[in-house]
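S.K.: Dropping the structure in here first, questions after.
The values are calculated or read from the model by the stated rules, or taken from the named source; none is laboratory data. Computed from a prediction, not measured in an experiment: that's the story for all the values here. We place every Cβ from the backbone using ideal geometry, glycine too, and count neighbours over all the protein chains shown.
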Amino acid sequence: MMGKRIRNQTALAGFLVLLLVFLTACGNNQREPPESPLNHEGLQEEEETEKYRAFRSSSGKLSVLATDLWEEEETLHEESDLSLYNEAYQSYLITLTDDKEKFPDELDMDSYSERIGAAVMKDLIKPRMTETEMVEIDGLGGRKFKVEGKIDDVSVTYAFLILESEKEYVQVIAWSFTENIENNAAYYDRIIESVKWHEVENNENGN
């Protein structure tokens with residue numbers, strides 16, 4: 001059981017707006033961050049009551065293990081197959097899929113990852129993208145990386161897991177205050193890397 005130092009805020013409108021900015025080009029209305037993180041001892045006691053459970057995407061194609069402090073939030077993004085929000089830790093997670101047929105044949109996993117990272121960086125102040133790490137999750141090859149930057153002097157970090165199935169690129173994205181992601185990397189990695197890919201026949205999307 002790890003002890004986390006989680007930064008908290010009553011409302012995280014800025015992160016939601018940032019997500020909409022880089023995915024749908026909407027505007028920004030960042031609210032001021034709190035002065036300090038959550039009490040470390042109190043949070044450790046809270047974490048001991050957390051239990052992991054599976055969240056299945058609306059298409060049924062994938063699932064993610066997250067604790068019962070996370071809940072589904074369908075309003076995060078209209079194209080997300082699975083959207084989760086953790087109010088206690090002020091963190092978000094979404095999954096997105098891209099049909100590989102939409103891209104040139106020469107586009108590979110590394111190029112796709114760079115394209116996704118660049119799309120996020122253009123909407124941040126002093127952005128930085130970490131080096132990509134090769135991974136294999138549930139039999140699918142993938143890449144992991146983070147994008148860090150600021151919005152109105154608030155440091156934010158997006159943690160990406162990009163997977164490649166036969167027909168699609170799959171994005172699993174978690175984001176929060178930078179100090180949350182940095183201080184509790186194992187916690188967020190465990191959730192992101194828990195993704196399971198499910199073969200679904202005759203689904204509503206026709207994929």
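S.K.: Name every residue in region 158-183 that is surrounded by 21 or more Cβ atoms within 10 Å (Cβ to Cβ) and either among the charged types (D, E, K, R) or farther than 26 Å from residue 99 by Cα (or both), in order of residue number. Give the derivation first.
M.R.: Quick first cut of region 158-183, residues surrounded by 21 or more Cβ atoms within 10 Å (Cβ to Cβ) only: 158-163, 169-170, 172-177, 180-181.
Hits for region 158-183 are 176, 177, 180, 181.
S.K.: Can you name every one of the strands (runs of 3 or more DSSP E) wholly within region 45-133 that holds 3 or more residues which are closer than 19 Å to residue 146 by Cβ? Outline the logic, then answer.
M.R.: Values: elements: 52-56, 62-67, 70-72, 82-86, 91-99, 125-129.
By residue number, 91-99, 125-129.
S.K.: A follow-up question, please. Suppose we keep only residues that are in contact with a Ser or Thr (Cβ under 6 Å, 6 or more places away or on another chain) and assigned to a strand (DSSP E or B) within region 157-181. Which one would you say is farthest from residue 92 (Cα to Cα)? Talk me through it step by step, then tell me what you get.
M.R.: Keep residues of region 157-181 that are in contact with a Ser or Thr (Cβ under 6 Å, 6 or more places away or on another chain), which gives 157, 162, 168, 170, 172, 176, 178, 181.
From what is left, the residues that are assigned to a strand (DSSP E or B) are 157, 162, 168, 170, 172, 176.
Values: 157: 11, 162: 17, 168: 23, 170: 17, 172: 11, 176: 7 Å.
Among those that are in contact with a Ser or Thr (Cβ under 6 Å, 6 or more places away or on another chain) and assigned to a strand (DSSP E or B), it is 168.
S.K.: Residue 46 versus (1) modelled with pLDDT of 80 or more; (2) of a type outside the set (Gly, Ala, Ser); (3) surrounded by fewer than 19 Cβ atoms within 10 Å (Cβ to Cβ): which is the lone unmet condition?
M.R.: Single failed check for residue 46: (1).
S.K.: On to the next question. In region 117-143, which residue that is free of Cβ contacts under 8 Å to residues at least 60 places away in the same chain and among the small types (Gly, Ala, Ser) is surrounded by the most Cβ atoms within 10 Å (Cβ to Cβ)?
M.R.: Looking at the filtered set, the residue picked out is 142.
S.K.: Filter region 64-80 for residues that are buried (at least 19 other Cβ atoms within 10 Å of the Cβ) and within 16 Å of residue 194 (Cα to Cα) and give the result.
M.R.: Answer for region 64-80, where residues must be buried (at least 19 other Cβ atoms within 10 Å of the Cβ) and within 16 Å of residue 194 (Cα to Cα): 64, 66, 70.
S.K.: Another question, if that's okay. Residues of region 86-110 being of a type in the set (Ser, Thr, Tyr) and touching a helix residue (DSSP H, G or I) at 6+ places or on another chain (Cβ under 9 Å), which ones? If you could, list the steps in order and put the result at the bottom.
M.R.: Just the residues of region 86-110 that are of a type in the set (Ser, Thr, Tyr), to begin with: 89, 91-92, 95, 97.
Those that are of a type in the set (Ser, Thr, Tyr) and touching a helix residue (DSSP H, G or I) at 6+ places or on another chain (Cβ under 9 Å): 89, 91, 92.
S.K.: Looking at region 89-113, which of its residues are over 16 Å from residue 79 (Cβ atoms) and within 16 Å of the chain's Cα centre (by Cα)?
M.R.: Those that are over 16 Å from residue 79 (Cβ atoms) and within 16 Å of the chain's Cα centre (by Cα): 89, 90, 91, 113.
S.K.: On the basis of being of a type in the set (Val, Ile, Thr), assigned to a strand (DSSP E or B) and modelled with pLDDT of 95 or more, does residue 147 make the cut?
M.R.: Yes.
S.K.: Please give the number of the condition residue 95 fails out of (1) over 22 Å from residue 184 (Cα atoms); (2) surrounded by 14 or more Cβ atoms within 10 Å (Cβ to Cβ).
M.R.: Going through (1) over 22 Å from residue 184 (Cα atoms); (2) surrounded by 14 or more Cβ atoms within 10 Å (Cβ to Cβ) one by one, residue 95 breaks only (1).
S.K.: Which numbered condition in (1) of a type outside the set (A, V, I, L, M, F, W, C); (2) touching a strand residue (DSSP E or B) at 6+ places or on another chain (Cβ under 6 Å); (3) free of Cβ contacts under 8 Å to residues at least 40 places away in the same chain is the only one that residue 87 fails?
M.R.: (2)
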